[in-house]
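Following: one structure in structure tokens, then a few remarks.
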Amino acid sequence: MNLSIKHLYGLEGVPKEDLTQIFDTAFSFREVLERPIKRVPTLQGKTIVNLFFENSTRTRISFELAEKRLSADTINFSASGSSLSKGESLKDTIQNLYAMKMDAIVMRHPVPGSVKLLSQFVDAVVINAGDGTHEHPTQALLDIMSLKEKFGKIEGLNIAIVGDIRHSRVALSNIFGLKTLGANVALCGPPTFMPCGVESLGVKIMYDLDEALQFADAVNLLRIQRERQGKGLIPSLREYRNLYGLTRERLENLKKPLTILHPGPINRGVEIDSDVADGDYSIILHQVLNGVAVRMAVLFLLVGGK
């Protein structure tokens, strides 16, 4: 039941066999989440600390719930109420926490690469809950799991990722995971939202949303990352919506079924209209449920559950 990786920094370089094992385990845990008693003793006696240096709602709650469902002891750490605000270094904070004998650390941090750096200071399992604009592996895993649940496969699917690719850690993790599993990936958005050299990852680049939707079996819509970008990358939100927003009219003109994903939070009326987000083609709420199951699987496989 062991993975070939010790930590989950991202999906870059994670082999197909590991991804398949995570999904198989996650689908097993989905059955647990459907039971009247949604708890198993697999991580009983293990201690997991959640280190979040950025705001989070879905990811943090999802990890906490996954840990509780596995019967682990959970400690939640917030930078704003810690000794970091008194001038303590991140290294000292982490080593002090580890001295309390943690088995695993889930960390979100605004600096790319910080999660990998953390693993040099401790001998615990480290899981990336998002590091800057680098990767967000468990979000991509739950996205891919939702696609696998919908289509029964990933290989050969055409997936369009639309929006602020340049500042999105979700996009990069999805690209690595989907390509490893044999999907065809297209990126769509304004030229100012495209990372330099991203074509080298084996993806198509499109600047016309209608063309991307014709290509796609499923579309993963990303919000504009206002907190990570400079000003002036798009003329206005109104123009962005006109060019790249998934509206009911655009969906009806497509004249084919289209599966719709969104990692959240949703900016309704910008990248997607409310009636589309809540419509029949949307699997957004399935993503949320699968998020708990896939994080249970990652924790179980890396921390050594039984």
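Neighbours of Ala216 by Cβ distance under 12 Å: Lys/Arg scored +1, Asp/Glu scored -1, total -1. Shape descriptor for segment 160-273: Rg over Rh equals 0.93 (Cα atoms; Rh from the Kirkwood inverse mean 1/r). Debye-formula intensities of segment 3-104, expressed as log10 I(q)/I(0) at q = 0.12, 0.14, 0.20 Å⁻¹, are -0.53, -0.72, -1.23 (one equal scatterer per alpha-carbon, no solvent). Here the spin labels are modelled as points 7 Å beyond Cα on the Cα-Cβ line, and at Ile37 and Ser4 they lie 3.9 nm apart. Note: segment 95-232, Cα convex hull, 123 Å³ per residue.
What FRET efficiency would be calculated for the residue pair Arg250, Lys153, taking the C-beta separation as r and a Förster radius of 30 Å, to the nearest 0.05? Between Arg250 and Lys153 the formula returns 0.65.
The alpha carbon convex hull volume per residue for the chain rounds to 134 Å³. The packing ranking, built from the mean of other Cβ atoms within 10 Å per residue, places the peptides 264-270, 159-165, 284-290 in the order 159-165, 284-290, 264-270, highest first. The fewest-to-most ranking of Arg69, Arg169 by surrounding Cβ atoms within 10 Å reads Arg69, Arg169. Note on Asn76 and Ile61: the model spin-label points, each 7 Å out from Cα along the C-beta direction, lie 1.0 nm apart.
Computed per residue of the chain from DSSP H runs no shorter than four, each worth -39500 (n - 2.57), the mean residue ellipticity at 222 nm is -11500 deg cm²/dmol. In the distance distribution for segment 93-141, Cα-Cα pairs more than 18 Å apart total 27 percent.
Membrane-span-like helices of the chain, defined as complete DSSP H segments with a Cα extent of 24 Å or more along the helix axis and a mean Kyte hydropathy of at least 0.5, are identified as 284-303. Measuring r between the beta carbons of Tyr207 and Glu239 and using R0 = 22 Å, the FRET efficiency lands at 0.95. For Lys179, the aspartates and glutamates whose Cα falls under 17 Å of its own Cα, not counting residues fewer than eight places away in the same chain, are Glu12, Glu17, Asp18, Glu135, Asp143, Glu155, Glu199, Asp217. Given Lys204/Lys256; Lys6/Lys150; Lys204/Lys255; Lys150/Lys204; Lys68/Lys91; Lys16/Lys153, which pairs have Cα atoms separated by over 18 Å? Violating the 18 Å Cα-Cα cut-off are Lys204/Lys256; Lys6/Lys150; Lys204/Lys255; Lys150/Lys204; Lys68/Lys91.
Here the simple spin-label model places points 7 Å from the Cα toward Cβ, and for Glu12 and Val198 these points are separated by 1.5 nm.
Values in this text are rule-based calculations from the coordinates and carry no lab data. The structure displayed is predicted, hence computed values, not measured ones. Using ideal geometry, Cβ is built from the backbone for each residue, glycine included, and neighbour counts are taken over all protein chains shown.
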